[in-house]
Amino acid sequence: MASELLSGLKHLEGQKHVIIIELQPLSEKDVQAMLESLELPNASALTSPIHKLCGGNPQLILEAIKSLHETETVNTASEKVELTDRLEAIIQKRLKNLSQAALELAQTLAIFQQKTDPELLLKVLGSDPFGLAKNYQELEQAQMIADGFFVHDLIYEVIRKHTPELLKQIFHKRIAKALETEQAEPARIAEHWFLAGDTQQGLVWRFKAAELALQQGLAEIAKGWLEQVREQAENIILQKQAQTFLSKLNS
């Protein structure tokens, strides 16, 4: 709902002309009941992916079901419900009501790809705590985020899709550097370096992630990462270190 319209409704509510009822999202159990009421043949299988994609928003759920019918996948879809043009248009319309600062925060959250500590966000954005809190509040009031991340996958996917690639690369690099100072998981740091377009720096951290995986007894995961380092690293020392670990694993 546009902020001007909402403001007008709140004014009417103050004069006791209208009553505003704020509905909470449907739970996964409620979503299943809704799908079963539509007599879908595989309501149980569709419940979890649709709830994850749409949250508990009835409008988005119905649009998702329409899309499944149109693509004739309503009887087979069980793992993932894809983003469609109609669903995307609904989210885009909601995004247009955001301030530029709140939209930029949403884009940053999408680039982070997961719930993020506010202090880390401040470090990456270089903003002040008051501005960050204000933008967070706007996104929460618009029901875009809750508990530090997007309320459902649709918002995340649409924002990420429409964030310029150059901006993604710049912020992935900032995030990788910030995560390094936070001594975060090496695999997560490596992923952001790769997404920033710096493959060689990503391989350095992928090697560290492989070392950690070996310590945790995750040999198969470590082996895949070590093979990638051996084949793609330009640093000869790093190549040899990866080969040494692989030789031990294969012996």
Among residues of the range 192-251 being part of a loop (DSSP other than H, G, I, E, B) and not hydrophobic (A, V, I, L, M, F, W, C), the residue farthest from residue 180 (Cα to Cα) is 251
Where a residue in the range 26-53 is without any contact (Cβ under 8 Å) to a residue 12 or more places away in the chain and in a loop (DSSP other than H, G, I, E, B) and its partner, wherever it lies, is of a type outside the set (A, V, I, L, M) and open to solvent by less than 80 Å² (accessible area, probe 1.4 Å), with Cβ under 8 Å and at least six apart: none
Do we find a residue being under 30 Å from residue 56 (Cα atoms), open to solvent by 60 Å² or more (accessible area, probe 1.4 Å) and free of Cβ contacts under 8 Å to residues at least 60 places away in the same chain anywhere in the range 148-164? yes
Give the residue, chosen from 174, 188, that is under 17 Å from the mean Cα position of the chain (by Cα) and in a helix (DSSP H, G or I). 188
Given the conditions (1) modelled with pLDDT of 95 or more; (2) more than 28 Å from residue 121 (Cα to Cα), report the number of the one that residue 239 does not fulfil. (1)
List pairs: first in the range 236-251 and farther than 19 Å from residue 212 by Cβ, second β-branched (Val, Ile, Thr) and open to solvent by less than 90 Å² (accessible area, probe 1.4 Å), Cβ under 9 Å, 6+ apart or cross-chain? 239/229
From 12, 23, residue being within 30 Å of residue 99 (Cβ to Cβ), surrounded by fewer than 17 Cβ atoms within 10 Å (Cβ to Cβ), free of Cβ contacts under 8 Å to residues at least 60 places away in the same chain and more than 25 Å from the chain's Cα centre (by Cα): 12
Please count how many residues of the range 35-55 are open to solvent by 40 Å² or more (accessible area, probe 1.4 Å) and of a type outside the set (S, T, N, Q). 7
Residue 224 passes all but one of (1) at pLDDT below 95; (2) open to solvent by 50 Å² or more (accessible area, probe 1.4 Å); which number fails? (2)
Examine the range 59-70 for a residue that is assigned to a loop (DSSP other than H, G, I, E, B) and either modelled with pLDDT under 85 or open to solvent by 10 Å² or more (accessible area, probe 1.4 Å) (or both), and state whether such a residue exists. no
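The values are calculated or read from the model by the stated rules, or taken from the named source; none is laboratory data. Quick caveat: nothing in here was measured; it's all calculated off a predicted structure. Positions of Cβ are generated from backbone atoms using ideal geometry, with glycine treated the same way; all protein chains shown enter the neighbour counts. The protein model used for the area step is the full one, side chains on, heavy atoms only, and it has no ligands, DNA or RNA in it. Shrake-Rupley method; radii C 1.70, N 1.55, O 1.52, S 1.80 Å.
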